[in-house]
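Following: one structure in structure tokens, then a few remarks.
What follows is calculated from the coordinates using simple rules that are stated; it is not laboratory data. Predicted, not measured: the structure shown is a model, and the values here were computed from it. Here Cβ is always computed from backbone atoms with ideal geometry, including for glycine, and neighbour counts include all displayed protein chains.
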Amino acid sequence: MTAHSKTLMASAAAAALVAGIAGTAQAANQTLRFSQWIPAAHFSQKDGLHVLFKQMEKVTDGRVKVILSAKGLGPPPRQMQLAVDGVADITWSVHGYQPGVYPLSELATLPFLSTSAEANGAAYWKVFKAMFEKAGMHPKGVHTLALHVHPPGHIYNNKRAVNSVADLKGLKLRATNATIFFAFKTFGAVPISPAGGVTALHQGLSKGVMDGTSFTDEAIFNFHVAKYIKFATHIPGGLYNTSFFVVMNKKKWDAIDKKDQEAINKIAGGTFARYIGKQWDMQEKTATPKLKAGGVQITDANAEMMAKLKTVMQPKIDEWIAKAKAKGVDGNAALTMYKEETARVQATLK
């Protein structure tokens, strides 16, 4: 081998070493863009997701950072696809904004199952990891960082008190997801599912396109629509709930060092579901008296109304069990696990 050949080989080896080091550094250090479509000041963001992002940076010693987009990189129903396509690295949204696309997620939206967002969120994550994840609840192009829910969902309107299912007839009500859409339609209300999701609520109420909405007390207050609401009917256990996801582009996730992935998973998943659920529960607790003080008439559904609701909504539960079976999941087992885990966590909160 000539001296020139040796020099070339040495240069090639050095170049390969440098490239290897650079590649390792690139894989270990990631700056991720989050699609910020809901106001950043909303508590679910500043006290929820943004806290998670700061923790991700902390537990990875700065190797993984999340920056917020100046505005949403797409409408609320497109957030999952944005992550799949890599338009955004991390997204958060509501499964129900795409009706029928994520049938397994509808477990968390079923009626009369909600106690607290913290307990339900913990239970939801457990069922996801045990049954839903391997059944392909989410596209292969994402890594699921977390799932969570809000407190029990109720009924709000500006026309009349709803003390029976008959009182719902004719009311134009925003329907958050398939569960509540079914309920409103069955009881003679006019369900409305605007493409803009919650962001379309203010305009819909102010212009009279909607008479009310399915929501929570804190949401009526935090989305500044209390002035358009005069009546609220609380449903024990909730007439519905909402399933939220936090996902990350799979290629971006795979580029993160395994040790950092493990650290992130520890603070995400069920841990984050409980954390953001607790924030939501506290918001709900403080919002109820504020609504009452603002003149909103709040009543609890009576026994007769509850009996009617449960009878009419049972087919929706049966329908979900059938949907789960079609996805290769034992719906009854998933429902049982969800109830039992919710009760277990709820008992620790008392």
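What FRET efficiency do you get for ALA293 and THR186 if R0 is 35 Å and r is their Cβ-Cβ distance, rounded to the nearest 0.05? After rounding, the FRET efficiency stands at 0.55. Only Lys, Arg, Asp and Glu carry charge here, each on its Cβ (+1 for the first two, -1 for the last two); on that basis segment 127-234 has a dipole of about 240 debye about its Cα centre.
Under 1.5 on a/c is rounded, so check that first for segment 305-344, then, if it is not, pick prolate when a/b is larger than b/c and oblate when it is not; a ≥ b ≥ c are the square roots of the alpha carbon gyration tensor eigenvalues.
Numbers: a/c = 4.74, a/b = 1.26, b/c = 3.75.
Oblate.
Against the main long axis of the alpha-carbon atoms of the chain, helix 258-267 sits at an angle near 20°. Relative to the longest principal axis of the Cα atoms of the chain, helix 3-28 runs at roughly 20 degrees. Here the scattering of segment 149-198 is modelled by Debye summation over its C-alpha atoms, one equal scatterer each and no solvent; at q = 0.30 Å⁻¹ the log10 of I(q)/I(0) is -1.29.
Among MET137, MET282, sorting on how many other beta-carbon atoms sit within 10 Å of each Cβ, with the fewest leading, yields MET282, MET137.
Here segment 169-203 and segment 318-350 have alpha carbon centers that stand 25 Å from each other.
The phi-based Karplus calculation (6.51 cos²θ - 1.76 cosθ + 1.60; θ = phi - 60°) puts the 3J(HN,Hα) values of segment 89-102 at 8, 9, 9, 9, 6, 10, 4, x, 5, 10, x, x, 7, 10 Hz, whole numbers, x for Gly and Pro. Placing +1 on each Lys and Arg Cβ and -1 on each Asp and Glu Cβ, with no other charges, gives the chain a dipole about its Cα centre of roughly 360 debye. By the compact-protein rule of thumb, 2.2 N^0.38 Å, the alpha-carbon radius of gyration of the chain corresponds to a ratio of 1.14.
In segment 35-191, the ratio of gyration radius to Kirkwood radius, Rg to Rh, stands at 1.00 when only Cα atoms are counted.
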